[in-house]
1. For segment 84-107, which residues satisfy the criterion of being closer than 16 Å to residue 64 by Cα and among the hydrophobic types (A, V, I, L, M, F, W, C)?
2. I need the full set of residues from segment 317-331 which are surrounded by 14 or more Cβ atoms within 10 Å (Cβ to Cβ) and either assigned to a loop (DSSP other than H, G, I, E, B) or on the phi > 0 side of the Ramachandran plot (or both), in order please.
3. Can you tell me how many residues within segment 301-316 are under 21 Å from the mean Cα position of the chain (by Cα) and part of a strand (DSSP E or B)?
4. Is there a residue being modelled with pLDDT under 95, farther than 30 Å from residue 424 by Cβ, part of a strand (DSSP E or B) and assigned by TED's automatic domain parsing to the domain that holds residue 253 anywhere in segment 287-298?
5. Go through segment 405-433 and count every residue that is buried (at least 21 other Cβ atoms within 10 Å of the Cβ), in contact with a helix residue (DSSP H, G or I) (Cβ under 9 Å, 6 or more places away or on another chain) and within 18 Å of residue 724 (Cβ to Cβ).
6. List the number of the failed condition for residue 176; all other conditions in (1) hydrophobic (A, V, I, L, M, F, W, C); (2) crowded, with 16+ Cβ neighbours inside 10 Å; (3) farther than 20 Å from residue 486 by Cβ hold.
7. Please determine, by comparing only the residues of segment 123-150 that are of a type in the set (A, V, I, L, M) and crowded, with 16+ Cβ neighbours inside 10 Å, which one is nearest to residue 198 (Cα to Cα).
8. Tell me which residues, restricted to segment 304-330, are farther than 23 Å from residue 242 by Cβ and touching a residue at least 60 places away in the same chain (Cβ under 8 Å).
Amino acid sequence: MNGTNGITVTKRDGSSQSFNLDKVHRVLEWAVEGITNVSMSQIELKANIQLYDKIPAYDIHELLIKSSAELISEDTPNYQFVAARLISYKMRKEAFGQYNPPRLCEIIQKNVDIGVYDKEILNLYTMDELAELNDYIKHDRDDNFTYAGMEQFRGKYLVQDRRTKQIFETPQVLYMMIAATLFSGYKEDRMKYVKEYYDAISQFYISLPTPIMAGVRTPTRQFSSCVLIESGDSLDSINATATSIVRYISKKAGIGIGAGSIRGIGAKIGDGSVVHTGLIPFLKYFQSAVKSCSQGGVRGGAATVYLPVWHFEFEDLIVLKNNKGTEETRVRHMDYAFQFNKLMYERLIEGGNITFFDPNDVPGLYEAFFIDQDKFKELYEKYERAHSIRKKSLPALEVFQSFLTERKDTGRIYLMNVDHANDHGSFIAERAPIRMSNLCCEIDLPTTPLDGPEDEDGEISLCTLSAINWGLINEPHEFEKYCDLTVRALDELLDYQNYPIPAAQKGTMNRRPLGVGIINLAYFLAKRGLKYDESAYELVDEYAEAWSYYLIKSSANLAVEKGKMIYNTDTKYSQGILPIDTYKEAIDNLIAHRERLPWAKLRKQLRETGIRNSTLMALMPAETSAQISNSTNGIEPPRALVSYKQSKDGVMAQVVPGYHHLKNKYDLLWDQESPEGYLAICGILQKYIDQGISVNTSYNPENYEDNKIPMSVMIQDLFTAYKFGLKQLYYFNTFDGAGEMTDGETHHSYDGESETYNEEEDCDACTI
């Protein structure tokens, strides 16, 4: 930075001033103060700022941020805090025109005036209450973020003009406004709950999903992450499905599409003078709907389509996403999940065949697939014997091999065990069957096809998400406070938000479903010296029990306080039946069943006064939230101690929490010999969960002969997942040194050991 005489800097308001090197030094001195193993001179050297006359001040600051971020490594991880401070400084200057934030009421008034905050906010609170919140807000908590977290804030979450990149708030303002908005409807103890919830989310005890982070406090009133839309077999229903997709994609939601009842190619229409074009043209129609709107100007939408493995078109459907074939035969820009049940696994074990039917030709079969497994088997075998019914048949082994081959090659062909979803869910299958899941394979809610966009007899299911940071919980009883805050906040949100489709409002208001997940499990294990194996089973079981108990207890207490949900009798909860009453007994071989908490008392309360929310748990991916809170992703083992994520805004480096003292304690994904330990821990967690888990299966080919994952191993892992009661399988991750699909990103290894490079996912609506 020598030779600066005569150089001017252009400020944001267009004015000019002489370049001041001392000012750059002062900013960097502030940014590195108190942070060990970082160097001001290294940042300046890395920046290598090429000065020219009238250089924007913005560019100088961005280069300092970029140079700090590029110095983040396993040897020098603390540059992540320097880069974060530099971003924080820039945020405040952009949002407020100064480093010291103005009063909260002034920020709110300004943002209401320009239309980026919901105008109702000023009517919900008095000036005295806003002054009280202003005195309570802790702006210095912005110093607790890492570089990756700050980049996520300014890229996705802070209210801003996406054309000019002008931001209008800072992270602490965002958190306080979310808390104030969600608890605005409380009459008693309102300020107490606002402050407690603000503390919980701003100190990372509770994590929030993209729609809430980006939307709550704004004129947008749709905050549910997951939307489940089931299509019927009629043109009216298919059109209504497409319309519903468009309306929710535009509101930042991830979409699950149930298309399994649509008849197959060549099926008779009406009197048979016309034959059906099959599923693929309609899947292309849904794909167009999914990609038609961007999500908040950030990215295109994303969806997963659910199909029964016994559908007549299975052979064509299973290859929809691969790179072979023509565009006419492929629908590559959605993900697919195939639905299995006990009978399909039995056919594989017995060396039998799987027969494919057109749902339209086999009355009652599609319905029984979800509601009554004995009835399904009876009908399935009956239709197999019927010579008049159109059908195909393949050896079950060939079907499973085809499924696993495509799952491995694409990384994004998923699995759903529909019998587990109904047997071990919160709903009584005869009254409210589960026919599908969501984009990320963790939500299990009832759906009914629509005959038109305004059809009030149909049902679209929404799930509103959040998660508890297990890494910050030291004793099981600590869950009580954060579970209660989470349930209360999300339940309020259901009433606060709007519903663009009547069928979605009906399902949500009548069932009030929530999905509370987990983040930072890997850190939770690492700091206790545990791995993803039998060493962790008992502790995971103990903490999962408390987490589940306090979530259910909170909803049961809310039912007394505010009233039980309208469709209470559709749930097993109304009968005092809990997730711990319907889990698969194979889990007892991992860890003996214990009831450490007063479950009997809770069962009695549920039978007498009901429950406020039909569902409470769901383990979703948590890639984005993990970066915000400097946590590990959901329940996943980290792939590396330092990971690099490629986003539209550049590369973000993230270091695992507690790196300095725990770097030798983490059980890294690619060091694990097989998925067995991870699947077992998922099974233990599933025991306590009323919905599902985004379960990934991950393989390092180096662990197998000739660097090839044996088909027998993959099949065995399917059986293991089924045995433990897992409802869904999400990504198939393969470490190949080049790239793999996982957790919604494409991962690339730099050195095959410690660092990974990840491209940002298509949609993170369901990630929290």
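The values are calculated or read from the model by the stated rules, or taken from the named source; none is laboratory data. Computed from a predicted model, the values in this text were never measured in an experiment. Methodologically, a virtual Cβ is constructed for each residue, glycine included, from the backbone with ideal geometry; neighbour enumeration extends over all protein chains shown.
1. Within segment 84-107, 84, 86, 87, 91 qualify.
2. Taking segment 317-331 as the starting set, the residues that turn out to be surrounded by 14 or more Cβ atoms within 10 Å (Cβ to Cβ) are 317-322, 330-331.
Listed by number, the residues that qualify are 318, 319, 320, 321, 322, 330, 331.
3. Looking only at segment 301-316, we keep the residues that are under 21 Å from the mean Cα position of the chain (by Cα), and these are 301-306.
Still in the running and part of a strand (DSSP E or B): 303-306.
Count: 4.
4. Checking segment 287-298: at least one residue is modelled with pLDDT under 95, farther than 30 Å from residue 424 by Cβ, part of a strand (DSSP E or B) and assigned by TED's automatic domain parsing to the domain that holds residue 253.
5. Of the residues in that region, 10 qualify.
6. Evaluating residue 176 over (1) hydrophobic (A, V, I, L, M, F, W, C); (2) crowded, with 16+ Cβ neighbours inside 10 Å; (3) farther than 20 Å from residue 486 by Cβ leaves (3) as the failure.
7. Residues of segment 123-150 that are of a type in the set (A, V, I, L, M), as a first pass: 124, 127, 130-131, 133, 137, 148, 150.
Checking which are crowded, with 16+ Cβ neighbours inside 10 Å leaves us with 130, 133, 137, 148, 150.
Working: 130: 14, 133: 10, 137: 8, 148: 21, 150: 18 Å.
Out of the qualifying residues, it is 137.
8. Our first condition is that a residue be farther than 23 Å from residue 242 by Cβ; within segment 304-330, this holds for 309-310, 314-315, 318-319, 322-326.
Within segment 304-330, 309, 310, 314, 315, 318, 319, 322 meet the criteria.
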